[in-house]
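K.L.:
What follows is a structure written as structure tokens; I'll ask about it next.
Just so it is clear, none of the values below were taken in a lab; they were calculated from the coordinates. Given the structure is predicted, the values throughout are model-derived calculations rather than measurements. Cβ placement follows ideal geometry from the backbone for every residue including glycine, while neighbour counts extend to all protein chains displayed.
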Amino acid sequence: MSMWHKRWQNLWQRLNTPLFTSQPARTPNPTVEAISPEYLAIWLEILKAKKRGLSGKAIYTIFQKYQDQLDLDLAETITRWFHSQLDPKNIRKNKDLARNLYNFAINIQQFPLGSRANNLEIAIVAYEAVLEVYTRTAFPEDWATTQNNLAVAYWSRIRGKRADNIEEAIRRYQAALEV
């Protein structure tokens, strides 16, 4: 068995370990089971690059490498992974996870290559997930900033009805102004 195969096997074993003690030990984590290994590898590569301090245009190199896979399946994989990592007892960990996902959303929203429609959809899905941690009461400034960036994404959105997207953008801008 190759070292790469062992690493993947180890990763899957860790990811399929239930996160919350309320789950019986033999019950698989349904959030993690649906994660695509192909898309998870892309996400983990992005996270690793971010841990090395890469951001902005340096991350674009990775995006460019996987340009054909920047789609809704990637967005779903990332949000499933995000939810599987959240720990209701560890606010600091959750905030770090949200910060990484937030920064990813900014990067993918501004990525000039690939499908602009897909990039915006991925950003919207990521911002929505971030708002589960960045709540108005817990992190009001982060919540408002995320609402503002989500408004920009909806304003620029290609999919869906233009009027609906503009209405959602206005709603998000108004929410951001509340803080």
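K.L.:
Quickly work out the N90-to-Y173 label distance, labels modelled 7 Å from Cα along the C-beta direction, and quote it in nm with one decimal.
P.N.:
Between Y173 and N90, the simple spin-label model gives 4.0 nm.
K.L.:
Can you give the local net charge around L72? Use residues other than it whose beta-carbon is closer than 15 angstrom to its beta-carbon, Lys and Arg +1, Asp and Glu -1.
P.N.:
Around L72, the surrounding residues sum to -3.
K.L.:
For S36 and T145, calculate 0.36 nm times their separation in residues minus their Cα-Cα distance, and state this gained length in nm to one decimal. Please list the in-between numbers first.
P.N.:
On the way: separation 109, 0.36 × 109 = 39.24 nm, distance 3.01 nm.
Full-extension gain reported as 36.2 nm.
K.L.:
If we count every other residue with Cβ under 12 angstrom of D87's Cβ, Lys/Arg +1 and Asp/Glu -1, where does the sum land?
P.N.:
Working: positive: K89, R92, K93, K95; negative: D96.
That sum, taken over residues with Cβ under 12 Å, equals +3.
K.L.:
At 0.36 nm per residue, and after removing the present C-alpha to C-alpha distance, how many nm does the segment from R162 to L54 gain when stretched out fully?
P.N.:
Working: separation 108, 0.36 × 108 = 38.88 nm, distance 3.45 nm.
So the extension gain works out to 35.4 nm.
K.L.:
Within the range 91-119, list the residues whose amide N lies under 16 Å from a label point set 7 Å along Cα→Cβ of E76.
P.N.:
The answer is 118, whose backbone nitrogens lie closer than 16 Å to the label point.
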